[in-house]
Structure formats: C-alpha cells, structure tokens
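FYI, it's all coordinate maths here, none of it is from the lab. Source: prediction; values computed, not measured. Positions of Cβ are generated from backbone atoms using ideal geometry, with glycine treated the same way; all protein chains shown enter the neighbour counts.
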Amino acid sequence: MKKIPKYMNVYLDIKEKIMTGYYKVGKKLPSGEKLAEEYKTSKLTVKKGIDLLVSEGVLRSRSGFGTEVLRTPIDNSKVFGPNAGLFSVVGEEHVKSQIHNFSIELPSKKVADMLKIDSKDYVYNIIRSRFIDQQPYSIEQTFMPLSIIPGLEPKHLKKSVYSYINQELNLEIKDSHIWIKGDLATEFDVHILDIEKGDFMIEVDKVVSLSSGTPFEYSLSRHIYKDFIFEAVFVEN
C-alpha cells in the first residue's frame, strides 16, 4: 500500500491535536510557516491539510487573521461536502471501487425530471460500490446525461468521475441539492455490504449542477447507518 499523502498526515495530526485539546476551540493555530517547519513540508501542503478541516467546519481561515479552531471534530468520521469526492478526503490509495453496471439508456420520468432533460436524451446508468481500506462504505447509482458528460468510460469509474469532469472536460462543479432518508437493506445491499436483509440504511439522493446551473448528475448512494454521519456547520460571515 502506498504511503498516506503528506497533506493527509497534516490533516490527521492537527485533527487529533484539536480532539485532545492541544489546540483549543476559539484559539488560533500557529502560522502556516511555523506548521510547515514543524511538519517538514511546504506551506502549500500544510494549507491543503488545513483546507480539509476548513471544509469540515472544524477550522476557519481568514486573510490577515489566521486560522481559528471553531469546534472539536467527530472522531473517525468521514465528513465532507456533497461536491467533494472520497479521493480528496481519505486519499486515492485508500479507496477502491467495484463496477456493477455501466450502461447507456433512456431515462425514466423521474431521472429526466431530476436532470431537467427530455425523455429521449440518453443517460449513463452507473452502479458501483465503494470500499475504504477494504471495508464496505457505500453503494451508488448515478445517472448522467451523455450530452453534458461525453466520453465517460468504465476506467473513469475506478477513480474519480469528478476529476474527469474537472480536468478533462474542463467543467466547473458548483452546487448540490441533497435529500437524506432511511430505508431497509435489499438483497443487493446484503450481498455487497455484508449486512443482514432488513438492516437500517441511509440513502442520500443528490442532484449536482455545473457553474452554468445545468444539472449533470442525479445519484442515490446507500450507506450502513452506523458508518454514516451527516454534519452541517453554519458559519456567519
């Protein structure tokens, strides 16, 4: 297994120090320069680790003020925004994907309505399961219009589809609308996630749009309830 990226070491160490009270809520972290010296890395790498904690609402960075501890993080949580991928949070080497379906078909009425497309516009129908450090994490079904996300191939599904959209298609992902609901495990959930039929599940339905406002993804991801944490932090500017 590859080594964990340096920025993740920074992220995990600072997170641990906040949890143990070394860095206290309401206090500021040392400067980026001092942290870079402490971790024997660049200020850019330190910033990348800190930015993850900012995205989780644990830290707040302000120009000319520094970085302040807002709250204590949740231990062992995998908390990230709806537009962030697993690769960017836990590191590519920790995530594995298994593809169960990759097809091109006409959308159902619900999928067409969610993506705001015509019922005659073809979509990708993708089903894949995700594992973190060999442990089952989620089952995802994703629909994307071919006209908006051209050239998607199974090889992209093994890694980050969002990276393909950002880096190869040069499209900017802007916002998400999510719905969270409870459900019971199906036979497919049981088979993939190694749980019992009828176990409680958390399903997250999501519509993601580009900076143009055009929806490009409608997805349904199913999680084992004990491993699922939803966290929203509201910070006044």
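Summary of values
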item	result
Unsatisfied cross-links (Cα-Cα over 26 Å) in the set 181/226; 15/155; 174/226	15/155; 174/226
Residue of 141, 167, 98 that the Gaussian network model of the chain assigns the largest fluctuation, springs spanning Cα pairs under 10 Å	167
Candidate aspartates and glutamates - alpha carbon under 19 Å from residue 24, same-chain residues fewer than 8 apart omitted	13, 16, 38, 51, 56, 68, 75
Exposure proxy order (Cβ contacts within 10 Å, fewest to most) of 53, 146	146, 53
Distance (nanometres) between label positions extended 7 Å along Cα→Cβ at residue 9 and residue 99	3.5
Helix-derived mean residue ellipticity, 222 nm - over the chain, DSSP H n ≥ 4, -39500 (n - 2.57), to 500	-6500 deg cm²/dmol
Sorted by Cβ neighbour density within 10 Å, fewest at the top, the residues 188, 216, 143	188, 216, 143
Region 6-69: C-alpha gyration tensor shape, a/c 1.5 cut-off, then a/b vs b/c	rounded
Rel. contact order, % - alpha carbon contacts under 8 angstrom, at least six apart, region 86-227	23
Packing-based exposure ordering (other Cβ within 10 Å, fewest first) of 95, 190	190, 95
